[in-house]
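The next block holds one structure in the form of structure tokens; read it before the comments.
The values are calculated or read from the model by the stated rules, or taken from the named source; none is laboratory data. These figures come from a predicted structure and were not determined experimentally. Cβ coordinates were reconstructed from backbone atoms using ideal geometry, including for glycine residues, and neighbour counts include every protein chain displayed.
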Amino acid sequence: MGTGNEIPGSPGPQAPSVEEPTEPRGPLPPKPDQRGPDTYSPTGQKTGAPQDKVAQAGEYLTTAQGARLYDTDHSLKAGPRGPVLLQDHHLREKITHFDHERIPERVVHARGAAAHGVFQGYGTAEGISKAAFLGKDVETPVFVRFSTVLGSRGSADTVRDTRGFATKFYTSEGVFDLVGNNIPVFFIQDAIKFPDVIHAGKPHPDREIPQAQSAHDTFWDFVTLHTEATHHTMWNMSDRGIPRSYRMMEGFGVHTFRLVNAEGATTLVKFHWKPKLGVHSLVWEEAQITAGMDPDFHRRDLADAIEAGAYPQWELGVQTFPDTDDQMFQGIDLLDPTKIVPEELAPVQPVGLLTLNANPSNFFAETEQVAFHVGHLVPGIDVTNDPLLQGRLFSYLDTQITRLGGPNFGQLPINRTHAPVNDMLRDGMHQTAVHRGVAPYRPNSLDGGCPFLAGADTGAYIEVPADVPAGRKVRDAAASFDDHFTQPRLFWLSMTPTEREHIVSAYTFELNKCYEQAIKERALLVLANIDADLCAQVAAGLGLPAPEPTAALTDPQPSPALSQLGDSWPLDGRIIGIVTAPDQGLDGVREVRQAVLDAGMVPLVIAPTGGEVGTGDETVTAQRTFATARSTEFDAILVAGAPAPGADAYGARDAKVDDAVAGAAGIDPRVLLMLTEAYRHGKALGAWAGGAAALEAAGIAGGAPGVVTADSAGTVLEQVRELLARHRAWNRFIPAV
Ligand code: HEM
């Protein structure tokens with residue numbers, strides 16, 4: 001019998017009793033998939049203490065001071081009907097602490113999810129960087145936080161936006177943070193524009209709408225006037241703006257960094273994370289429905305996959321470039337963060353493997369309090385003069401002082417380095433180190449001269465003594481920063497026809513959401529400078545004439561590596577819906593369910609009611625009902641029968657049911673909706689037994705692209721897996737552009 005226990009997501013480590021427990025006992029352990037930060041002291045020394053030493057302890061409710069309490073439901077009153085007494089220490093402590101539970105959310109990237117893991121160096125970067133964590137087989141603990149940029153903490157995961165991909169490496173030489181995005185370019189070339197682009201992207205300041213969206217006037221006002229944003233905007237309008245999963249995103253360091261090896265030789269690099277599961281996206285309608293059905297879709301996906309043992313993995317890779325005086329590579333300015341270097345010109349060379357293998361045990365302590373900073377560097381990795389990076393080097397520490405309430409947030413457990421700390425920083429809010437000595441200054445003799453300065457041979461972080469270009473002090477940028485259209489055009493030309501359709505529809509959707517005609521017209525002027533066809537298609541959707549380009553279009557070489565389509569990828573952690581018709585028997589359901597589990601995927605059984613469905617030996621636990629399920633939860637749907645309309649299949653109970661047509665096919669209308677929706681979204685569908693009739697009733701032909709019907713559930717699953725490995729059945733749709 002499929003108990004459903006293997007399905008990730010249950011809240012606690014053990015099933016609760018129906019009655020409230022009365023026998024005192026200590027706190028339950030975290031779930032097996034969870035762990036907290038490694039236990040280091042505020043000064044970076046391994047304490048070896050088990051993680052439960054920082055968790056709550058004891059069998060009884062206490063005050064924050066450890067005094068046991070006998071009642072937490074009634075305040076201390078002058079008689080049962082009298083006023084509350086000021087002396088009620090427990091009331092005041094409880095309410096005061098509650099009143100201060102919230103801290104400011106991040107000014108950007110407020111919405112995120114994170115996981116613990118490990119990074120293993122391949123040793124392939126040893127020739128270009130002396131960073132210890134890149135050494136062969138060196139294992140370094142990591143904490144990775146993924147995020148959206150624009151939305152508030154409670155916003156939906158599946159909005160169209162850039163995603164953050166920030167990795168904290170707790171290396172033996174100090175913390176290294178690679179604070180990247182899933183898009184390799186940025187809206188602006190100079191950090192001084194960051195408040196502008198973020199103010200434009202955030203909700204309008206008067207009504208504070210729309211939340212977590214770029215489809216509004218201020219965003220498009222800015223990016224169409226400030227055309228260096230064109231390339232990043234194009235990526236956002238592509239499928240990259242709506243990832244299927246954090247596990248299926250690339251990550252990019254964006255800027256060019258400078259690596260230095262043991263001999264002092266330098267190499268310029270761009271960092272890339274390559275997901276083992278491939279790069280995959282939602283389709284727009286699916287993203288929109290999911291934002292309502294499951295606003296935590298990406299957060300849940302990450303946690304569930306890790307809980308199910310489908311550990312997400314990425315290879316870290318570098319594109320390498322000679323550290324020339326002009327910092328150009330084949331005509332591309334390496335200091336311009338609005339430009340990529342196509343992989344065909346500089347292949348990504350793998351240098352290590354990242355595996356995420358544990359969920360945080362406390363969201364606030366870990367995911368919320370983690371503080372990344374591009375200035376957290378280790379010997380062997382240095383920055384370049386990219387003016388965006390230079391401003392970031394200031395911003396992160398500065399903002400975290402406000403967000404985390406003072407200058408000592410580096411001592412929060414999740415931020416603690418795993419390398420010994422001997423700084424001369426003292427005091428401040430929430431100081432948890434207990435510093436010794438009397439001489440936090442240098443030079444001193446009273447503390448025996450300690451701390452001493454390190455040298456290159458004793459592991460000091462020494463900035464590469466790079467030449468600074470001579471010149472006048474100016475507020476300006478290099479002339480090479482002025483080309484804003486070649487690379488958006490390169491991206492457009494590199495897309496398959498299917499991907500181009502998505503880009504056209506994204507621009508059309510977003511611009512149609514703008515109120516101001518002038519902004520739409522200006523956006524078309526920008527698109528005209530990228531591609532005539534793109535511009536014409538969007539103009540048609542806006543009901544406006546397509547303008548002529550204002551400059552001659554360039555002729556860049558397309559980069560096929562930018563396309564997401566055309567390959568096959570592993571299916572770890574994919575969600576398979578199984579539609580059942582228990583009244584017709586559960587032919588093949590339990591076997592196929594087990595086969596899905598065995599293949600490292602998650603089967604969710606969908607039935608007319610919850611609980612145990614079927615009869616006799618033939619039963620299975622339903623995780624979804626026709627009322628609760630929506631196609632957007634599933635990567636593929638298997639149909640084991642043609643279920644008759646459920647008892648709740650009428651419009652007054654479930655608005656998904658149209659009473660006028662319900663029952664016409666003799667099949668539950670919610671099932672038909674689920675199938676047509678999944679079909680529209682390019683998802684693989686498979687049916688056996690009565691399931692073929694359900695597909696037919698939904699208007700889906702057995703032989704249609706991405707649709708499998710066969711006699712046995714096993715055969716169907718096998719073929720659906722092949723389809724799913726290509727993510728979607730794109731050949732279902734005929735692109736026009
Ligand atoms: C290539 C460009 C950029 C990338 C890839 C990037 C990436 C990120 C990421 C991934 C986060 C979330 C970190 C987390 O998960 O906690 C973040 C946060 C942040 N970024 Fe950036 N960012 C970029 C540009 C900038 C610029 C130019 C500035 C300011 C000058 C900036 C300021 C911030 C701030 C203030 C936060 C919030 C940090 C916190 O409160 O902990 N970013 N950025």
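Go through the range 351-388 and count every residue that is aromatic (Phe, Trp, Tyr) and either in a loop (DSSP other than H, G, I, E, B) or surrounded by 22 or more Cβ atoms within 10 Å (Cβ to Cβ) (or both).
Start the filter on the range 351-388 by keeping residues that are aromatic (Phe, Trp, Tyr), which leaves 363-364, 372.
Then keep just the ones that are either in a loop (DSSP other than H, G, I, E, B) or surrounded by 22 or more Cβ atoms within 10 Å (Cβ to Cβ) (or both); that gives 372.
Here the count works out to 1.
When the residues of the range 186-215 are filtered to those that are within 8 Å of the ligand (Cβ to nearest atom) and not in a helix (DSSP H, G or I), which remaining residue is farthest from Gln564 (Cα to Cα)?
The residue in question is Ile188.
Return yes when Leu397 is within 14 Å of the ligand (Cβ to nearest atom), farther than 20 Å from Gly317 by Cα and in contact (Cβ under 8 Å) with a residue 24 or more places away in the chain and no when it is not. Give the derivation first.
Numbers: within 14 Å of the ligand (Cβ to nearest atom): yes; farther than 20 Å from Gly317 by Cα: yes; in contact (Cβ under 8 Å) with a residue 24 or more places away in the chain: yes.
Yes, satisfied.
One residue is enough: does the range 468-482 have a residue meeting the conditions among the hydrophobic types (A, V, I, L, M, F, W, C), closer than 30 Å to Gly682 by Cβ, in contact with a Ser or Thr (Cβ under 8 Å, 6 or more places away or on another chain) and buried (at least 16 other Cβ atoms within 10 Å of the Cβ)? Working first, answer last.
Keep residues of the range 468-482 that are among the hydrophobic types (A, V, I, L, M, F, W, C), which gives 468, 470, 474, 477-479, 481.
Then keep just the ones that are closer than 30 Å to Gly682 by Cβ; that gives none.
No, the range 468-482 contains no residue that is among the hydrophobic types (A, V, I, L, M, F, W, C), closer than 30 Å to Gly682 by Cβ, in contact with a Ser or Thr (Cβ under 8 Å, 6 or more places away or on another chain) and buried (at least 16 other Cβ atoms within 10 Å of the Cβ).
Within the range 100-128, can you find the residues that are more than 16 Å from the ligand (Cβ to nearest atom), over 21 Å from Leu268 (Cβ atoms) and either touching a helix residue (DSSP H, G or I) at 6+ places or on another chain (Cβ under 8 Å) or outside any loop (DSSP other than H, G, I, E, B) (or both)? I'd like the intermediate steps shown before the answer.
If we filter the range 100-128 for residues that are more than 16 Å from the ligand (Cβ to nearest atom), which is where we start, we get 100-101, 118-128.
Still in the list and also over 21 Å from Leu268 (Cβ atoms): 100-101, 118-120.
Matches in the range 100-128: Val118, Phe119, Gln120.
Here's a check for you: in the range 592-610, which residue that is over 28 Å from the mean Cα position of the chain (by Cα) and either part of a loop (DSSP other than H, G, I, E, B) or at pLDDT below 95 (or both) is surrounded by the most Cβ atoms within 10 Å (Cβ to Cβ)? Full working, then the answer.
Residues of the range 592-610 over 28 Å from the mean Cα position of the chain (by Cα): 592-595, 607-610.
Add one more test, that the residue is either part of a loop (DSSP other than H, G, I, E, B) or at pLDDT below 95 (or both), and what stays is 608-610.
Values: Pro608: 23, Thr609: 14, Gly610: 13.
Among those residues, the one meeting the criterion is Pro608.
Out of everything in the range 309-340 that is more than 16 Å from the ligand (Cβ to nearest atom), polar (S, T, N, Q) and out of contact with any Ser or Thr (no Cβ under 8 Å at 6 or more places or on another chain), what residue ends up being farthest from His272 (Cα to Cα)?
Once the filter is applied, the top-ranked residue is Thr324.
Before we move on, is Phe98 under 16 Å from Leu178 (Cβ atoms), out of contact with any Pro (no Cβ under 8 Å at 6 or more places or on another chain) and either in contact (Cβ under 8 Å) with a residue 40 or more places away in the chain or not β-branched (Val, Ile, Thr) (or both)? First the steps, then the outcome.
Numbers: under 16 Å from Leu178 (Cβ atoms): no; out of contact with any Pro (no Cβ under 8 Å at 6 or more places or on another chain): yes; either in contact (Cβ under 8 Å) with a residue 40 or more places away in the chain or not β-branched (Val, Ile, Thr) (or both): yes.
Spelling it out, it is not the case that Phe98 is under 16 Å from Leu178 (Cβ atoms), out of contact with any Pro (no Cβ under 8 Å at 6 or more places or on another chain) and either in contact (Cβ under 8 Å) with a residue 40 or more places away in the chain or not β-branched (Val, Ile, Thr) (or both).
Kindly indicate whether Gly448 is closer than 23 Å to Glu173 by Cα, without any contact (Cβ under 8 Å) to a residue 40 or more places away in the chain, away from the ligand (no atom under 16 Å from the Cβ) and loosely packed, with under 12 Cβ neighbours inside 10 Å. I'd like the intermediate steps shown before the answer.
Details: closer than 23 Å to Glu173 by Cα: no; without any contact (Cβ under 8 Å) to a residue 40 or more places away in the chain: yes; away from the ligand (no atom under 16 Å from the Cβ): yes; loosely packed, with under 12 Cβ neighbours inside 10 Å: yes.
Taking the combined requirement at face value, the residue does not satisfy it.
Within the group Arg416, Arg403, Arg436, which residue is crowded, with 20+ Cβ neighbours inside 10 Å, modelled with pLDDT of 95 or more and of a type in the set (Lys, Arg)? Break it down stepwise before answering.
Working: Arg403 fails: crowded, with 20+ Cβ neighbours inside 10 Å; Arg436 fails: crowded, with 20+ Cβ neighbours inside 10 Å.
Result of the check over Arg416, Arg403, Arg436: Arg416.
Quick grid of which residues meet (1) modelled with pLDDT of 95 or more; (2) buried (at least 24 other Cβ atoms within 10 Å of the Cβ); (3) in contact with a strand residue (DSSP E or B) (Cβ under 8 Å, 6 or more places away or on another chain):
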site	(1), (2), (3)
Gln120	yes, no, yes
Gly123	yes, no, no
Lys136	yes, no, yes
Val144	yes, yes, yes
Ser147	yes, yes, yes
Asp161	yes, yes, yes
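Could you check the range 691-737 and list, in sequence order, the residues that are in a helix (DSSP H, G or I) and touching a Ser or Thr at 6+ places or on another chain (Cβ under 6 Å)?
Residues of the range 691-737 that are in a helix (DSSP H, G or I), as a first pass: 691-697, 713-725, 730-732.
Of everything in the range 691-737, those that are in a helix (DSSP H, G or I) and touching a Ser or Thr at 6+ places or on another chain (Cβ under 6 Å) turn out to be Ala692, Ala725, Trp730.
Just checking, does the range 655-664 include any residue being assigned to a loop (DSSP other than H, G, I, E, B), within 30 Å of Ala599 (Cα to Cα) and either of a type in the set (Val, Ile, Thr) or touching a residue at least 40 places away in the same chain (Cβ under 8 Å) (or both)?
Just the residues of the range 655-664 that are assigned to a loop (DSSP other than H, G, I, E, B), to begin with: 655-664.
Now narrow it down to the ones that are within 30 Å of Ala599 (Cα to Cα): none.
So far as the range 655-664 goes, no, none of its residues is assigned to a loop (DSSP other than H, G, I, E, B), within 30 Å of Ala599 (Cα to Cα) and either of a type in the set (Val, Ile, Thr) or touching a residue at least 40 places away in the same chain (Cβ under 8 Å) (or both).
Which members of the range 51-71 meet the condition of being over 26 Å from Pro413 (Cβ atoms) and in contact with a helix residue (DSSP H, G or I) (Cβ under 7 Å, 6 or more places away or on another chain)? Lay out the reasoning, then the answer.
Narrowing the range 51-71 to residues over 26 Å from Pro413 (Cβ atoms): 68-71.
Of everything in the range 51-71, just one residue is over 26 Å from Pro413 (Cβ atoms) and in contact with a helix residue (DSSP H, G or I) (Cβ under 7 Å, 6 or more places away or on another chain), namely Leu69.
Can you give me the number of residues within the range 463-509 that are part of a helix (DSSP H, G or I), touching an Asp or Glu at 6+ places or on another chain (Cβ under 8 Å) and of a type in the set (Gly, Ala, Ser)?
Of the residues in that region, 1 qualify.
Applying the selection to the range 542-576, what residues are among the aliphatic types (A, V, I, L, M), farther than 25 Å from Thr508 by Cβ and part of a loop (DSSP other than H, G, I, E, B)? Spell out the reasoning first.
Here is the first cut: in the range 542-576, the residues among the aliphatic types (A, V, I, L, M) are 542, 544, 546, 551-553, 561-562, 565, 571, 575-576.
Those left that are additionally farther than 25 Å from Thr508 by Cβ: 552, 561, 571, 575-576.
Ala552, Leu571 - these are the residues of the range 542-576 that are among the aliphatic types (A, V, I, L, M), farther than 25 Å from Thr508 by Cβ and part of a loop (DSSP other than H, G, I, E, B).
What about Ala692, is it farther than 18 Å from Leu723 by Cα, over 35 Å from the mean Cα position of the chain (by Cα) and small (Gly, Ala, Ser)? First the steps, then the outcome.
Values: farther than 18 Å from Leu723 by Cα: no; over 35 Å from the mean Cα position of the chain (by Cα): yes; small (Gly, Ala, Ser): yes.
It is false that Ala692 is farther than 18 Å from Leu723 by Cα, over 35 Å from the mean Cα position of the chain (by Cα) and small (Gly, Ala, Ser).
Would you say Arg299 is surrounded by fewer than 24 Cβ atoms within 10 Å (Cβ to Cβ), part of a helix (DSSP H, G or I) and touching a strand residue (DSSP E or B) at 6+ places or on another chain (Cβ under 8 Å)? Step through it out loud before you land on a result.
Numbers: surrounded by fewer than 24 Cβ atoms within 10 Å (Cβ to Cβ): yes; part of a helix (DSSP H, G or I): yes; touching a strand residue (DSSP E or B) at 6+ places or on another chain (Cβ under 8 Å): yes.
So Arg299 passes the test.
Each row is one residue, and each column tells you yes or no for (1) more than 28 Å from Thr384 (Cα to Cα); (2) surrounded by fewer than 18 Cβ atoms within 10 Å (Cβ to Cβ); (3) of a type in the set (A, V, I, L, M).
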site	(1), (2), (3)
Lys193	no, no, no
Asp217	yes, yes, no
Arg247	yes, no, no
Gly251	no, no, no
